[in-house]
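Participant: Got a structure for you, written out below as structure tokens; questions coming shortly.
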Amino acid sequence: MRPAVIPRLAALGLCVALVLTGRVEASAQSRQDEEHEGHEDNPLDSSNLRGLRVVLSEQSRRPVQPTRPAPAQSREPIGVRGFGLVGVNVFAATNSFEAVLGSRSGPIFGGGAQVTLPIGLYFEAAAWRFSADGERVFIGPGDEVFPLGIATTVRVTPLEITAGWRFRTISRRIVPYAGAGFDSYRYEETADFAESGDDLDERFTGYHIVGGIEVRLYRLVHASGEVAWSSVPDAFGESGAAAEFGEDNLGGTSIRFKILVGR
């Protein structure tokens, strides 16, 4: 039996050796696979770091584009406009004008120029004229008027300087406005057969306030309606119809319509 046992033991030993060898190889392969997976999952791997350095290097070589400032908001420019006006004026010296001219009111015509600023302020220079024919009178007791039959012409020519505010927040097409300013009134009175010193040509100063509404008709054409009140005290002398009625103010109230052309 001994010779037969020996070959069997040898075969058993060989099988055990083969099994052990396979386990060792499988364990080694498993360790290699784990190391490989860990190498791929590591973001700080040397190959990944090399790629990151390449990307950073390329970005550093790119030219830096300068940032462009935001465009400034456009502002409304300064406006310059010319205008003509028509209207009617009612004088404060009611009795005096009715006695000499037959009416205390009459038409007026004129024109001027205006400058508007973006913030809403405006400045204006205007001149207009009132002219009417009548006759000289004598004022008797009880303020009774006696015509003398001497033809006379009365002319009033004011020069007005105004500063005011345009309320543009309400609408860009319809703009209310209000202002105030200085007046220089020229008063002329001429008569037929007048002797030296009988005719008058004098100038008086005063002030006024005005308010109105402007409407844009076209791009550079505007229309406005306004009411102005003025005071020109101490305008008449100590003689004549005004002195008899105790009136010395050459101012009054006017309603005007304007056509403006310009920006």
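The values are calculated or read from the model by the stated rules, or taken from the named source; none is laboratory data. Just so we're clear, the structure is a prediction, and the values are computed from it rather than from any experiment. Here the Cβ is made from the backbone with ideal geometry for all residues, glycine too, and neighbour counts use every protein chain on show.
Participant: Just to verify a result, which residue in segment 118-145, among those that are among the aliphatic types (A, V, I, L, M) and farther than 29 Å from residue 77 by Cα, is nearest to the chain's Cα centre (by Cα)?
Facilitator: Across segment 118-145, the extreme among qualifying residues is 132.
Participant: A further question follows. Going through 200, 117, 148, 121 one at a time, which residue ends up being out of contact with any Cys (no Cβ under 9 Å at 6 or more places or on another chain) and touching a residue at least 40 places away in the same chain (Cβ under 8 Å)?
Facilitator: From the options 200, 117, 148, 121, the qualifying one is 121.
Participant: If you don't mind, another one. Consider residue 122 carefully, then state whether it is surrounded by 15 or more Cβ atoms within 10 Å (Cβ to Cβ), at pLDDT 90 or above, farther than 20 Å from residue 88 by Cα and not hydrophobic (A, V, I, L, M, F, W, C).
Facilitator: yes
Participant: Do we have residue 160 as acidic (Asp, Glu), touching a residue at least 12 places away in the same chain (Cβ under 8 Å) and assigned to a strand (DSSP E or B) here?
Facilitator: yes
Participant: Taking the options 199, 248, 192, name whichever one is charged (D, E, K, R), in contact with a strand residue (DSSP E or B) (Cβ under 6 Å, 6 or more places away or on another chain), surrounded by 13 or more Cβ atoms within 10 Å (Cβ to Cβ) and assigned by TED's automatic domain parsing to the domain that holds residue 96.
Facilitator: 199
Participant: Restricting to segment 151-186, name every residue that is more than 35 Å from the chain's Cα centre (by Cα) and either among the basic types (Lys, Arg) or within 14 Å of residue 240 (Cα to Cα) (or both).
Facilitator: 152, 154, 155, 186
Participant: Does segment 77-104 hold any residues that are among the small types (Gly, Ala, Ser) and touching a residue at least 40 places away in the same chain (Cβ under 8 Å), and which are they?
Facilitator: Looking only at segment 77-104, we keep the residues that are among the small types (Gly, Ala, Ser), and these are 79, 82, 84, 87, 92-93, 96, 99, 102-103.
Correct list: 79, 82, 84, 87, 92, 93, 96, 99.
Participant: Considering only residues that are buried (at least 17 other Cβ atoms within 10 Å of the Cβ) and under 17 Å from residue 89 (Cα atoms), which ones fall in segment 107-116?
Facilitator: Answer for segment 107-116, where residues must be buried (at least 17 other Cβ atoms within 10 Å of the Cβ) and under 17 Å from residue 89 (Cα atoms): 108, 110.
Participant: Next up: Being in contact with a strand residue (DSSP E or B) (Cβ under 8 Å, 6 or more places away or on another chain), in the same structural domain as residue 220 (by TED's automatic domain parsing), in a strand (DSSP E or B) and surrounded by fewer than 12 Cβ atoms within 10 Å (Cβ to Cβ) narrows it down to one of 182, 138, 146, 204, so name that one. Lay out the reasoning, then the answer.
Facilitator: On the way: 182 fails: surrounded by fewer than 12 Cβ atoms within 10 Å (Cβ to Cβ); 138 fails: surrounded by fewer than 12 Cβ atoms within 10 Å (Cβ to Cβ); 204 fails: surrounded by fewer than 12 Cβ atoms within 10 Å (Cβ to Cβ).
Going through 182, 138, 146, 204 in turn, just one is in contact with a strand residue (DSSP E or B) (Cβ under 8 Å, 6 or more places away or on another chain), in the same structural domain as residue 220 (by TED's automatic domain parsing), in a strand (DSSP E or B) and surrounded by fewer than 12 Cβ atoms within 10 Å (Cβ to Cβ): 146.
Participant: Also: Please work out which residue is nearest to residue 216 (Cα to Cα), limiting yourself to segment 88-101 and to residues that are in contact with a strand residue (DSSP E or B) (Cβ under 6 Å, 6 or more places away or on another chain) and surrounded by fewer than 19 Cβ atoms within 10 Å (Cβ to Cβ).
Facilitator: This residue is 88.
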